[in-house]
1. Past the 21 Å Cα-Cα mark, which pairs from LYS177/LYS246; LYS154/LYS193; LYS47/LYS154; LYS118/LYS360; LYS47/LYS94; LYS34/LYS246?
2. What is the antiparallel percent of DSSP beta bridges lying wholly in the stretch 122-190, to the nearest 5?
3. Quick check: Cα centre of the stretch 1-49 to Cα centre of the stretch 62-124, how many Å?
4. Can you compute the FRET efficiency between GLU346 and GLN122 using 1/(1 + (r/R0)^6), with r the Cβ-Cβ distance and R0 = 25 Å? Round to the nearest 0.05.
5. Which ordering of CYS163, CYS21 is given by a fewest-first count of other beta-carbon atoms within 10 Å?
6. Give me, ordered by chain and number, the residues 5 or more places off GLY201 or on other chains with an amide H under 5 Å from its own placed amide H.
7. Figure the gain on full extension for LYS34 and ALA327 (residue separation times 0.36 nm, minus the Cα-Cα span) and round it to one decimal in nm.
8. Grab the Cα-Cα distance for LEU310 and LEU27, subtract it from 0.36 nm times how many residues apart they are, and report the gain in nm with one decimal.
Amino acid sequence: MNIPFFRPNITEDEITEVVDCLRSGWLTTGPRTKRFETEFAAYVGAKYAVALNSATAALHLALEAIGLGRGDAVLVPTMTFAATAEVVRYFDAKPILVDCREDDFNLDIADARRQAEKARAQGLRLRAILPVHYGGQAVDMAGVLALAREYGLKVIEDAAHCCPAAYRSGPDAPWVKVGAESDICCYSFYANKCITTGEGGMACTNDPVLAARMRVMSLHGISSDAWKRFTAAGNWYYEIVAPGFKYNLTDIASSIGLHQLRRADGFRRQRADVAALYQTLLQDNSALILPQAHPDRLHSWHLYEIRLRLDRLSLDRAALIEQIKAAGVGVSVHWIPLHLHPYYRETYGFQPEDYPVAAKLSREIISLPIFPGMLEEEIRQVAATLGGILDTHRRW
Ligand SMILES: *Cc1c(COP(=O)(O)O)cnc(C)c1O
């Protein structure tokens, strides 16, 4: 049996809503997107939600809304996806990369402080920090916020893996949903994210000025929404206040999102169950280090990232992935750190050892399949396939 890395979980509810949308005659941003925004804002506990066609668009608009300019600098973890840093480059600003922690792969606050000091000494105008919640386990937000206060930074969260995720400052402290304490929080509804609209994203904030700017810039810098202009109640008059972008989410996509959102908590529980069974099946394997959920984190389990103990194995990660794939199991790697990619290496002269933890982890990590609706026999087959390959390549 072939096991994909991810299988989207779509029911008749999503399908019927899409068909109803198609029959309604309103395909692009309209009433279903408004409803999706309202329900999403309520779900994550934000005052404002702007629906967009990707998380990348959300991150771009967030940086535009805080007024990022040419030559400014932004702290970005090196252990992230392309999107988190490319949006900084859109402004001809500089991503200041930060190393990650070994235990949860999230950005290391101590290194962020070192990098901030270095940037300051170079006379760079450091404007923001862009933490990523790796795999859906929240970063040390208290540390991020303290650093942001110290250096006068805006906090823009890359919460692409966090629908939902939460954290607390101790066993007796209240849970805080990701997004509650930052300036802007960006979510992804890409096909394999926690909830999906095929492609899509959301920018959430409690600041009305930032929300208004992102909304205007999401649709050509026009001062009122298209659907307000074109419905009978709307106005024909509009003003272009800035050269904006075309980042709005369609009602077809929002039709899927509305029903995915209602299932988000259930999806999370199902992914947590997959993670728990992997833990049971793989915990005795001495060639592996398994991901651990911190007790003060509500982990979304978007990713289940294992580490190989390469010192105990006679094959490397690439060879192992090849064998797992040959056995019909879809796996992936999240991620090759940014500082190892040609563009960042050549533009900023990075060496692998500039970020030693990320460089080391990047040789050891593999993401196993994890998705709601994954069958127990599929989870067992993944564990057995992986265990079998590791056993035949042990060093003793
Ligand atoms: C998927 C992802 C993004 C980009 O999301 P899109 O909706 O595809 O633009 C950004 N950051 C991280 C960490 C991601 O995993």
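Throughout, read-outs are computed from the coordinates displayed, never taken from laboratory work. In this text the structure is predicted, and so the values were computed from the model without any measurement. Note: ideal-geometry Cβ built from the backbone for every residue, glycine included; neighbour counts use all protein chains shown.
1. Working: LYS177/LYS246 29 Å; LYS154/LYS193 26 Å; LYS47/LYS154 18 Å; LYS118/LYS360 23 Å; LYS47/LYS94 30 Å; LYS34/LYS246 17 Å.
Violating the 21 Å limit, Cα to Cα: LYS177/LYS246; LYS154/LYS193; LYS118/LYS360; LYS47/LYS94.
2. Values: 2 of 8 bridges.
Around 25 percent of the beta bridges assigned by DSSP in the stretch 122-190 are antiparallel ones.
3. 32
4. Working: r = 19 Å, r/R0 = 0.78.
Calculated transfer efficiency: 0.80.
5. Values: CYS163 28, CYS21 22.
Fewest to most other Cβ atoms nearby, the residues stand as CYS21, CYS163.
6. Amide H neighbours of GLY201, under 5 Å, 5+ apart: LEU52, ASN53, SER54, PHE189.
7. Values: separation 293, 0.36 × 293 = 105.48 nm, distance 4.48 nm.
Extra length from LYS34 to ALA327 when fully extended: 101.0 nm.
8. Values: separation 283, 0.36 × 283 = 101.88 nm, distance 5.14 nm.
Stretched out fully, the LEU310 to LEU27 stretch lengthens by 96.7 nm.
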